[in-house]
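Okay, so here's the structure we're looking at.
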Amino acid sequence: MGKNILEFKHVGKRYDENVVLRDINFGVEAGKFYTLLGPSGSGKTTILRIIAGFDQASSGEVLFDGQRINDVPANQRQVNTVFQDYALFPHMNVAENVAFGLQIKGVKKTVIQQRVKEALHLVRLDGYGERAITAMSGGQRQRVAIARAIVNRPKVLLLDEALSALDHKLRVDMQRELRQLQRQLGITFIFVTHDQEEALAMSDQIMIINDGRIQQTGTPVDIYDEPLNHFVADFIGESNIVPGVMKKDYVVNINGQDFECVDAGMKPNEKVEVVIRPEDLDITTVDKGELKATVDTQLFRGVDYQITAHDQREHEWKINSIHKTTVGAQVGIVFDPEDIHVMRYNESEEDFDARLDSYEEDED
Amino acid sequence: MRQKALFIVPYALWIVLFVIAPLALIFYQSFFDLNSHFTLANYQDYLTSATYLKMTLNSVWYAALITVVTLVISYPTAYVLTQLENRQFWLLIVILPTWINLLLKTYAFIGLFSRTGSVNQFLQFMGLGSHQLLFTDASFMFVAAYIEIPFMVLPIFNALIEINPSLLNASKDLGATSWQTFRRIVLPLSMPGVKAGIQAVFIPSLSLFMITRLIGGNRVITLGTAIEEHFLTTQNWGMGSTIGVVLILAMFIVMFITGDSREKGGRH
Ligand SMILES: Nc1ncnc2c1ncn2[C@@H]1O[C@H](COP(=O)(O)OP(=O)(O)OP(=O)(O)O)[C@@H](O)[C@H]1O
Ligand SMILES: [Mg+2]
């Protein structure tokens, strides 16, 4: 474990009766890219506000470099924020906005000019320095906000949906640019988004938040391949989630049919949920299929076909296949044991990790 | 379109009857002497007479003084009001006195400040003796500021309340202290309110005459007093109108100086 630059210990937040965060725990390693991912209203902005110091945690501790910072005022924290609503100063032009933080720190004028120029170049706004904020488009303003924060080279940069107003191409460009910058300067990023593709593409670590709780923390691959529960599986990527019964280690029963799988460590005959990603399902002929189904819809999406089909038990399956089929056709669906991921009901993240470790060690 | 035109009629009538017509009349009157002969003498008199010049300077000086005193009191007041929980209620308390007739308030102050008034009674009770309070510059300034404060507080309050709170967070986020945030963000963004307040206070203060007479005891002679004298006492309407024209010009100048230039961002 590297050292944690930032840590939340049992942090809770209430607005009167309204509980927004419940017992949030996490550590943030210096120099990494973290993403907070969750639906609207789940508490992402609230977490950032507590880190930045605009809001106080109702309970628990916030540590920065090992020091408790609950009572340190916002202007003394080595953190900068890209605000969800940009919060650009309307009475200053673009360059003055970007220069603000450096001026406050008393940096030399010539240095400020140079760094403002660099920052504007970074967000593809060369030559916009003299423009009034009101004369900038939404996407341009968002980039000014990024420049204004990043120019200060803080230890931790908080980005609240910092790319949400950009068109797809610019967004992908900026994603790459931010990622590169983050690696170059070694700044720790905490990025908030509700775009899961963005989260998967950019992050070292993703924290999935729902209802004021961290549901799961892990690398994009971990979270995608081994979601902890129904919410995570459903929220990240597309998935087929079906109820099943764990017969014994490495055997799960779905719809009365036994399948080999790679999960273990559960009670015999425990009720579980089974996740299979649409891209892991393949279409084949009826006799070769592990499941038999009828094709309902087919949608061409450029790279593949998005197919829905229902099996004999009227359960609907989402399949992404590069092979074409026809609507109404009887087909077989095949998948491998590794494609099946079994989730227990109400398993905590610690128990989940422990269970994974226990049987993955067995295999070695 | 027809209907829209119809809605404009009352407003247009009002403007013509009560704004344009009086202005035109004043302008017209200013070119006549006591014997209703067309003349430029009024302007000549005004521009060459030391008395009028002094009066004008007096007016501007006192109006400026009133404005500054009012601003110094009103800005912090408005700022504190915006920080309060029930700010709308407290704002109402500040504005309440404007609903009472000006003359009534002035008489109330005469009662308070007179030789036998409450203030002197209190001073005597404290063993400080009784003092001449009425007809002093101090009492004149006090009452004028008292009357004008709500007109200054209101626009400043409105400008302050409109500032997006996340701008203050952004400023702190970038390392600014509360004072730096105030000076660099709050103050510039509240300037439109300050300007509106200055207009609302300075311009009427130029032509104060009731307070100068009743509280100031005519020790302070302003253009307002002069106009009143010319119209009601000496019956020299021409000269009164001329001074009126001067006042109107002064108002336009103030409005021009404090006008919202509508340029946001970029001082370049
Ligand atoms: N000042 C406040 N008073 C009361 N409730 C608040 C306050 N600020 C936020 N909340 C509530 O806290 C919850 C979390 O808000 P937060 O802004 O953190 O959500 P979010 O995850 O950032 O959502 P979004 O993706 O829409 O930005 C919401 O239900 C919101 O209504
Ligand atoms: Mg938010």
* To do: For A:Lys247, list the lysines whose Cα falls under 30 Å from its own Cα; do not include residues on the same chain fewer than 8 positions away.
  => A:Lys267, A:Lys271, A:Lys288, A:Lys292, A:Lys318
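For the range A:1-86, which GluC sites (Glu not before Pro) are both in a DSSP coil and crowded by at most 14 other Cβ atoms within 10 Å? The partial results should precede the final answer.
Details: sites: A:Glu7, A:Glu17, A:Glu29, A:Glu61; in loops: A:Glu17.
When the GluC sites (Glu not before Pro) of the range A:1-86 are filtered for loop state and at most 14 Cβ neighbours within 10 Å, A:Glu17 remain.
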* Which of B:Ile215, B:Trp237, B:Trp179 sits farthest toward the positive end of the charge dipole of chain B, with +1 on the Cβ of Lys and Arg and -1 on the Cβ of Asp and Glu? -> B:Trp179
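Could you tell me the relative contact order of chain B? Use alpha-carbon pairs under 8 Å, at least six residues apart, and round to a whole percent. Can you show the working numbers first?
Numbers: 288 pairs, mean separation 72.0, N = 268.
Relative contact order of chain B: 27 percent.
Hey, can you rank A:248-254, A:213-219, A:81-87, B:22-28 by average C-beta count inside 10 Å, highest first?
The packing order, highest mean first, is A:81-87, A:213-219, A:248-254, B:22-28.
Hydropathy at least -1.0 by Kyte-Doolittle, axial extent at least 30 angstrom from the Cα trace: which helices of chain B, defined as entire DSSP H runs, fit?
Numbers: long enough: B:50-83 (49 Å, 0.99); B:137-161 (34 Å, 1.62); B:237-258 (31 Å, 2.14).
Qualifying helices, which must be both long enough and hydrophobic enough, are B:50-83, B:137-161, B:237-258.
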* Asked: Where the centre of each part is set by its Cα atoms, how far does the range A:140-165 sit from the range B:132-210, in angstrom?
  -> 34
* Once every DSSP H run of n ≥ 4 in the protein assembly as shown is given -39500 (n - 2.57) and the sum is divided by its residues, what mean residue ellipticity at 222 nm do you get, rounded to the nearest 500 deg cm²/dmol? -> -14000 deg cm²/dmol
* **Candidate aspartates and glutamates - alpha carbon under 13 Å from B:Lys105, same-chain residues fewer than 8 apart omitted** => B:Glu148
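What does the C-alpha gyration tensor say about the overall shape of chain B? Classify as rounded when a/c is under 1.5, otherwise prolate if a/b is larger than b/c, or oblate. Display every interim value, and only then the final one.
Working: a/c = 1.96, a/b = 1.21, b/c = 1.62.
Here chain B falls in the oblate category.
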* Among B:Phe113, A:Phe83, B:Phe151, whose Cα sits farthest toward the positive end of the charge dipole of the protein assembly as shown (+1 at Cβ of Lys/Arg, -1 at Cβ of Asp/Glu, about the Cα centre)? -> B:Phe113
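Sorting check: for B:97-106, B:182-191, B:238-247, A:279-288, which peptide has the highest mean count of neighbouring beta carbons within 10 Å, and how do the rest follow?
Working: B:97-106: 11.3, B:182-191: 17.3, B:238-247: 23.4, A:279-288: 15.1.
Highest mean packing first, the order is B:238-247, B:182-191, A:279-288, B:97-106.
Need one number: % antiparallel among DSSP beta bridges in the protein assembly as shown, to the nearest 5. Numbers along the way, then the final one.
Details: 61 of 79 bridges.
So the antiparallel bridges in the protein assembly as shown amount to around 75 percent.
No value in this document is a laboratory result; all are computed from the given coordinates. The structure presented is a predicted model; accordingly, all values stated were derived computationally and were not measured. Methodologically, a virtual Cβ is constructed for each residue, glycine included, from the backbone with ideal geometry; neighbour enumeration extends over all protein chains shown.
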